[in-house]
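A quick write-up on the structure given underneath.
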């Protein structure tokens, strides 16, 4: 397993999106208008998508790097 050399930005942005999703329930009153709630959920969805893309990119090997199971010599 490789050591972590960068912050886990994908995991952090996913956690931030969960907090943003919880804000309408925890902060806004129940009889408040729906527009701010929908706007916060839309922002949370975008942040979650960015987090998902970052998580998918974290394990991708760099271009041209040999993988661990590659036994062919480089020439």
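A short reminder: the numbers here are calculations on the coordinates, not readings from a lab. This one's a predicted model, so the numbers in the text were calculated from it and none came from an experiment. Counting neighbours? That spans all protein chains shown, and the Cβs are built from the backbone with ideal geometry, glycine included.
Computed from the C-beta positions of residue 32 and residue 56, the FRET efficiency with R₀ = 35 Å rounds to 0.50. The modelled label-to-label distance for the pair residue 6/residue 46, using points 7 Å beyond Cα in the direction of Cβ, is 2.2 nm.
Annotation: peptides 43-49, 28-34, 6-12, ranked by per-residue average of other Cβ atoms within 10 Å with the highest first, follow the order 43-49, 6-12, 28-34.
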